[in-house]
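Down below is the structure, laid out as structure tokens.
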Amino acid sequence: MRARCSSDTRRSPDMPKSNRLSTQTQPHLSLIGTQMSDQPDKIRTLFCVTVNQTFFDLPWSDIGEVWAVFGQMMAGIKAMDGVDVLGTLDDDQTMVGASSNGFPFTAYILADMPDRDAVTAACNLFRTLPVGDSGFRLWKYCSVEARLGRALEIPALAQ
């Protein structure tokens, strides 16, 4: 069963408009009944990073160069105007080697981004940051997917 967000307007054309929840008058509800923030100030973004086989094929002496550029990418995201990095996760201790199909991801960056253009600019760092004098960019060695949404606010439980 596919759940639809309360603001999803892709409904049956036969459904009266009065049955659609308005983001102006109704809180957003998840499947478990918790409220989600309806403040459009920031876009909660989960950057999902996969390390490609090309990284693991490098000689040991070249890995540090890629890692340094990976650090530049992370610092670049954090330094962007209006960006608040909320946390990171690296599961390289239990995820060993490249993902054959891009999942599971190896690292995650959770950030509040000011707008979609900022998310695109952050993803573009993978396309533009050069790795040494090789002529290659960071995206040869790792890829990124961004999931965009909003913060889920879980209300305090009644005592």
For this session: Check Arg150, Arg137 and return the single one that is surrounded by 13 or more Cβ atoms within 10 Å (Cβ to Cβ), within 18 Å of Phe56 (Cα to Cα) and of a type in the set (Lys, Arg).
Result: Arg137
Problem set entry | Criterion violated by Phe55 - all others in (1) touching a residue at least 60 places away in the same chain (Cβ under 8 Å); (2) not in a helix (DSSP H, G or I) satisfied | (2)
For this session: Would you mind telling me which numbered condition in (1) more than 17 Å from Val83 (Cα to Cα); (2) in contact with a strand residue (DSSP E or B) (Cβ under 7 Å, 6 or more places away or on another chain) Pro104 fails?
Result: (2)
For this session: Scan segment 55-91 for residues that are surrounded by 11 or more Cβ atoms within 10 Å (Cβ to Cβ), among the charged types (D, E, K, R) and under 21 Å from the mean Cα position of the chain (by Cα) and report the count.
Result: 4
Exercise. If we keep just the residues of segment 122-159 that are out of contact with any helix residue (DSSP H, G or I) (no Cβ under 9 Å at 6 or more places or on another chain), outside any strand (DSSP E or B) and among the aliphatic types (A, V, I, L, M), which is modelled with the highest pLDDT?
Worked result: Ala151
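The values are calculated or read from the model by the stated rules, or taken from the named source; none is laboratory data. Source: prediction; values computed, not measured. Ideal geometry is used to build each Cβ from the backbone, glycine not excepted, and the neighbour counts take in all protein chains shown.
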